[in-house]
1. I'd like the orientation of helix 229-248 relative to the chain: the angle between its Cα long axis and the longest Cα principal axis, in ° from 0 to 90, rounded to 10.
2. How big is the dipole moment of the range 269-320 about its Cα centre under a simple scheme where the beta carbon of each Lys and Arg is +1, that of each Asp and Glu is -1, and everything else is neutral? Debye, nearest 20, please.
3. Just name one of Ala235, Gly195, Tyr205: the one whose Cα is farthest towards the positive end of the charge dipole of the range 187-252 (beta-carbon charges, Lys/Arg +1, Asp/Glu -1).
4. List the residues, sorted by chain then number, that are 5 or more residues from Gly147 or on another chain and whose placed amide H is less than 5 Å from its amide H.
5. Nearest 5 percent is fine: what portion of the DSSP beta bridges confined to the chain is antiparallel?
6. May I ask you to order 251-257, 125-131 by the average number of other C-beta atoms within 10 Å around their residues, highest value first?
7. Work out how much length His328 to Asp77 would gain on full extension: take 0.36 nm times their residue separation and subtract the Cα-Cα distance, in nm to one decimal.
8. About the Cα centre of the range 226-330, how large is the charge dipole given +1 on each Lys and Arg Cβ and -1 on each Asp and Glu Cβ? Please answer in debye to the nearest 20.
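Just so it is clear, none of the values below were taken in a lab; they were calculated from the coordinates. Computed from a predicted model, the values in this text were never measured in an experiment. Methodologically, a virtual Cβ is constructed for each residue, glycine included, from the backbone with ideal geometry; neighbour enumeration extends over all protein chains shown.
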Amino acid sequence: MMKSTAIANSNIALIKYWGKRDQNLFLPQNSSISMTLDGLNTTTTVEFDSKYKEDEVVINGKRAEGKVKDKITRHIDIIRKKAGITERAKIVTQNNFPTAAGLASSASGFAALTLASSRAAGLDLNEKELSILSRMGSGSACRSVVGGFVKWVKGREKDGSDSYAIQLAPPDWWDIRMIVLVIESGEKKIKSRAGMQKTVETCPYYRCWLDTIENDIEEVEKGIKERDIELVGQAAERNALKMHALMFTTIPPIIYWKPETIKAIEEVFKMREEGIKAYFTMDAGPNVKILCTSNESEKVRKVFESREYIKQVIVCPPGEGVREVNEHLF
Ligand code: PMV
């Protein structure tokens, strides 16, 4: 049988996905927009062979068992069914950044897994098909299939056939940076999957999120088209705060913020007062990500590198979508 290796970049949402309308197919309540990040990536090698008695999963050098392994095996089952094969697989995957720290490792992970496993199974899927399949591993993964500035269109169909990611602009369209400030690199306690479901079920403001999201999306789309950092930054920052307001008012509350999170945000506000066009966003974790132009990114990087409460500063330009590579991990 065949072996294939794929590399996928992570992505950070400018307009967030928070809430599903279908738990099994991973269909979102709202559309979202992201930037694919060069530099935060996952490489995955998959081999199907009758010599494997069961699926074997190795993540960052460690044998995966339990829930993590089950999630991956379930995804591989979808690919096996589609390709009409029954062989078990060996899957080796390597992230170049901390796993499950709000740095969207599941996004790059499932995008790489989908491409590598589908190619290893002999399938030749197009971008839309890869995006739909990646979505079924982790919603945000459907956006990592595509490079540059990306929209996950929520779709209307019950079967999810119109819920996938499309490119709004290629990586070289706009020279901006997403600067990731690592505040905590440990695994988060509440996974986004469980958290967003609780929000949909219990948050009294969820209706308001849905009522205002299309406006946020329009602003960010317009801002990307016009390369307007203020328009995109302001809309993205507001949208991230709105998502965290939903989390705070979910029962029980979901609070990812740490004292260092607030410190970093205050520094971003201070930079803006000084004329630097920097805007923040946050995901399901305490880390803060800063959007700014490439010209101003050095200044921002230097400030945060000198702060002892920030563990790591990672500067990411817009990156490519998922692709196959020749070098295998085993
Ligand atoms: O698809 P998941 O389970 O990685 O959820 C992603 C949720 C957020 O990162 C908070 C928002 C987003 O759109 O990426």
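1. Result, in degrees: 70.
2. Numbers: 9 positive and 8 negative charges, 25 e Å.
Dipole size: approximately 120 debye.
3. Gly195
4. Gly321
5. Numbers: 50 of 54 bridges.
Taking every DSSP beta bridge with both residues in the chain, the antiparallel ones total about 95 percent.
6. On the way: 251-257: 14.6, 125-131: 18.0.
The peptides rank, most packed first, as 125-131, 251-257.
7. Working: separation 251, 0.36 × 251 = 90.36 nm, distance 2.18 nm.
Extending this stretch completely gives an extra 88.2 nm.
8. For the range 226-330, the charge dipole is close to 280 debye.
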